[in-house]
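Notes to accompany the following structure.
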Amino acid sequence: MTGLTKALASYVAQPHFAGQQHAAFEIAKTGFIDTIATMMAGSNEPVVRIVREYFASTQGPDEAPIPFAGLMRPATQAACINGVAAHALDYDDVALSGHTSTVLVPAILAEGHVLNVSGLDALRAYVVGYEVWAELFSRESDQYHLKGWHPTGVLGCVAAAAAVATLHKLNVEQTQRALAIAASLASGLVANFGTMTKPYHAGRAAAHGIEAVRLAILGMTAAPDVFEHPAGYMHAISLAGRIDRERPATSLGKAPRILESGVSIKRYPVCYSGHRTIDGVLQIAERENLQPDQIKRVHLTMGPAQASMLRNHHPTTGLEAKFSAEFAVASAIVARAVGLTQLTDDFVRRSDVSALFGKVSIAVTSERACPLDPAFSYTDRVVIETVDGRTFDSGEIRFALGNSQHPLDAAGLRDKFMDCIQTGHASNRDLQGADAGLYDRIAGLEHLPSLRDLFVMSTRSTS
């Protein structure tokens, strides 16, 4: 029986899509559109400045673009900076309990630029990376977030290596080593949610994917059974040991997993765990024209992993508020919106906003997990009680609008893209690479002869 590590490497070296390449690539394009949008929008966040300053003194070839800055930097640095920017606002898309695109797209853009690959090659690499992520994700019965692991960093690093190995067209043995190297570089802790380190998880995962492949090409050795080994990757990230290291990986590529799980687009720049309840609160508040002084209690019901991520019950900064159910409810009631305008320190500290924090309660349900993503309960629920004795119940909320099972239409996706670009321009006067034709080039990525033609930039080589 072929071990898991060899099976993954064999698939990455010779990927196949069961005749469903077009459908899979269309979803992958959504990931590119959303990631580049959020990357531009987040380009002027403090964490991006910090990471750029950190890399400024290092030497290396100018290989890949940082499009919002008009810079060329070494590919690993470009992937890291772009990944941090894409995740900095927590507005990037979601799949498989993490942020697949915000790791895969920066890695592919950077190394794809170096290799001068086509847009079609880039889409293929994305679907391969997603498939590897999904295969690893499917083997754990416990929830990563409750163990303290951030899947974006832990699973994303290996998935990025798979995507980059596809771009390089590595053989099975080289790919096996690249994935094993990436397995030792993977990390990311939930304890750092609500801090600048969370977006750094995404950037480092993208960079480490490139690093792992380049080291493998140079001949670095690694365990040929790193995923299934009793002291290997899978066992190490499963505290209770309920992870399947032995099941044959016979489903790889039979039907691309991206067709089942898809890519979910965020409508709010906060932790995805609270998006269903935000939809519920907004629907009730708008329908009933509820005002803050009318609210007696807001009862939320969600899964345990979701509640664990929404850890900041009394946030005082915009960054903390991204992981606060209390803030999301308050913002929805006070402003009828939970957007970038509301994610500021001043708004979070407003008395009419913070006064609602203590009126929010969270009930955790473990009765049934979502089969598509067990980090979520099957449904969420919102119940609002008013001071005059009325009660409003959202009923069971299965999917947030923008979820892959309740998707935005093409116009909605484009609207988010253009709003993100405008946000980036407003906060970053030096923003490059976001000309009027960028959306159309990404939307037609399969027809682009070279990734080097994606961004229109006048680049310079300093950070």
Self-check item: region 406-426 residues that are modelled with pLDDT of 90 or more, paired with ones that are of a type in the set (S, T, Y) (beta carbon under 7 Å, 6 or more apart)
Solution: L413/T30; R414/Y439; F417/Y439; C420/T38
Quiz item: Scanning for something over 25 Å from the mean Cα position of the chain (by Cα), part of a loop (DSSP other than H, G, I, E, B) and not acidic (D, E), does region 400-418 turn up at least one residue?
Solution: no
Practice problem: Please note which helices (runs of 4 or more DSSP H) are completely contained in region 76-150 and include at least 1 residues that are modelled with pLDDT of 95 or more and farther than 17 Å from M39 by Cα. | Solution: 100-115, 119-137
Quiz item: Is there any pair with a first residue in region 54-67 that is in the same structural domain as P106 (by TED's automatic domain parsing) and a second that is modelled with pLDDT of 90 or more and of a type in the set (K, R) whose Cβ atoms are under 7 Å apart and which are 6 or more apart or on different chains, and what are they?
Solution: F55/R73; D62/R73; A64/R73; I66/R73
Practice problem: Could you identify the single residue in E367, E286, E396 that is on the phi < 0 side of the Ramachandran plot and either surrounded by 14 or more Cβ atoms within 10 Å (Cβ to Cβ) or touching a residue at least 24 places away in the same chain (Cβ under 8 Å) (or both)? | Solution: E286
Quiz item: Restricting attention to region 178-187, does a residue exist that is among the hydrophobic types (A, V, I, L, M, F, W, C), over 25 Å from the mean Cα position of the chain (by Cα) and surrounded by fewer than 21 Cβ atoms within 10 Å (Cβ to Cβ)?
Solution: no
Self-check item: Criterion: among the aliphatic types (A, V, I, L, M), buried (at least 24 other Cβ atoms within 10 Å of the Cβ) and under 21 Å from L319 (Cβ atoms) - qualifying residue of A9, A88
Solution: A88
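This table checks each residue for (1) within 30 Å of M40 (Cα to Cα); (2) without any contact (Cβ under 8 Å) to a residue 60 or more places away in the chain; (3) of a type outside the set (D, E); (4) not in a helix (DSSP H, G or I).
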{"position": "D279", "(1), (2), (3), (4)": "yes, no, no, no"}
{"position": "L282", "(1), (2), (3), (4)": "yes, yes, yes, no"}
{"position": "L300", "(1), (2), (3), (4)": "no, no, yes, yes"}
{"position": "R311", "(1), (2), (3), (4)": "yes, no, yes, yes"}
{"position": "F323", "(1), (2), (3), (4)": "yes, no, yes, yes"}
{"position": "V329", "(1), (2), (3), (4)": "yes, yes, yes, no"}
{"position": "I333", "(1), (2), (3), (4)": "yes, yes, yes, no"}
{"position": "V338", "(1), (2), (3), (4)": "yes, no, yes, yes"}
{"position": "T341", "(1), (2), (3), (4)": "yes, yes, yes, yes"}
Quiz item: Counting only residues that are of a type outside the set (A, V, I, L, M, F, W, C) and under 20 Å from S118 (Cβ atoms), how many does region 140-179 have?
Solution: 3
Quiz item: Can you name the number of the only condition in (1) surrounded by 19 or more Cβ atoms within 10 Å (Cβ to Cβ); (2) over 17 Å from C80 (Cα atoms) that A207 fails?
Solution: (2)
Practice problem: Among the candidates A330, A321, A375, single out the residue that is crowded, with 19+ Cβ neighbours inside 10 Å, at pLDDT below 95 and outside the structural domain of G424 (by TED's automatic domain parsing). | Solution: A375
Practice problem: Return yes when E367 is modelled with pLDDT of 95 or more and either among the small types (G, A, S) or farther than 28 Å from G42 by Cβ (or both) and no when it is not. | Solution: no
Self-check item: helices (runs of 4 or more DSSP H) lying entirely in region 167-260 (those with 3 or more residues that are modelled with pLDDT of 95 or more)
Solution: 172-185, 197-218
Practice problem: Test I36 against the criterion of being over 19 Å from V128 (Cβ atoms) and of a type in the set (A, V, I, L, M, F, W, C), and give yes or no. | Solution: yes
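The values are calculated or read from the model by the stated rules, or taken from the named source; none is laboratory data. The model shown is predicted, which means the values in this text are computed figures rather than measured ones. A quick note on method: Cβ atoms are made from the backbone with ideal geometry, for glycine too, and the neighbour counts reach across all protein chains shown.
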